[in-house]
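Novice: For reference, the structure I am asking about is given below.
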Amino acid sequence: MTAHVKSLGFYKHGATSKPLSKAKANIKYISADHERHENKPELFSKDEDRVHRQDVYQKLQEQPERGVVAHKLVLTVSEDERNRLNLDMRELVRDTMNRYEMRNGQNLDWVAAVHDDKGHPHAHILIRGYDQDNKQVGIYPRHIKDFQEIAEQEKNRQVERHRERQPERGHTREKDRDVFREMHQELGERYDGKHGQQRAQTPLMRGTEEQSRPLKRVDERFGREPSLER
């Protein structure tokens, strides 16, 4: 299944009754914790991992009282695909929005929340009707087509990034094993002249030797043979 982006409409002055209040209610809804959510939704944006609802409300109130107040989108992937490909929904939303802005030369102001519902993982996205340059934002069918195409591409790119990291983790594990082998070789087997036998020097024995050095110095001072046995 491909990543799917759908428009859920918009709130507009002169076309919607109390558009500002309805936009605020939508923000409250997408960030509310319902029983069907496996994880509590958190509002986030392109730059912030946690956005407070009051901050979004204030931006909506400060924009001009004409045109669209906010656009609503939803980005969906199948639960099987999300689990099988280990998709990060926040990352997918951010990558999709960033690519869309670059393609269309816009600096959008948006917030989103992931709804981790069993059988239906998706993310709600609310785009303010005025961008960060205070220009009106229009979302038309051709723009939804752009979002759809970009979301699928970014999903595949995320999967490729995950695959590229796998060899790095394997390389790290092999490097760790090499370090341990070198440690064992460095410790080696040291000859015990006192008992005329060889024995492996372990980290524990090394620690004991370190602890015994003050006693060894005392032995040497009084002309006694150094010993680790105390």
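Any read-out appearing in this document is the output of simple, stated calculations on the displayed coordinates, not a laboratory observation. Note that the coordinates shown come from a computational prediction; the quantities given were computed from them, not determined experimentally. Don't worry about glycine lacking a Cβ; one is built from the backbone with ideal geometry, like all the others, and counts go over all protein chains shown.
Novice: Restricting to DSSP loop positions (anything but H, G, I, E, B) with no more than 16 other Cβ atoms inside 10 Å of their own Cβ, which trypsin sites (Lys or Arg not before Pro) remain in the range 102-169?
Specialist: Filter output for the range 102-169: 118, 135.
Novice: What residues have an amide H closer than 5 Å to that of residue 51, excluding those fewer than 5 places away on the same chain, when H is modeled at 1.01 Å from N in the peptide plane?
Specialist: So residue 51 has HN proximity to 43, 44.
Novice: Now a separate question. With each label point set 7 Å from Cα along the Cα-Cβ vector, what nm distance links residue 164 and residue 135?
Specialist: 3.1 nm
Novice: Could you run the Karplus curve 6.51 cos²θ - 1.76 cosθ + 1.60 with θ = phi - 60° over the range 112-119 and give me ³J(HN,Hα) per residue in whole Hz, x for Gly and Pro?
Specialist: 8, 8, 8, 9, 8, 7, 4, x
Novice: Taking 8 Å as the Cα distance limit and 6 or more residues as the minimum spacing, I'd like the relative contact order of the range 4-165 as a percentage.
Specialist: 30 percent
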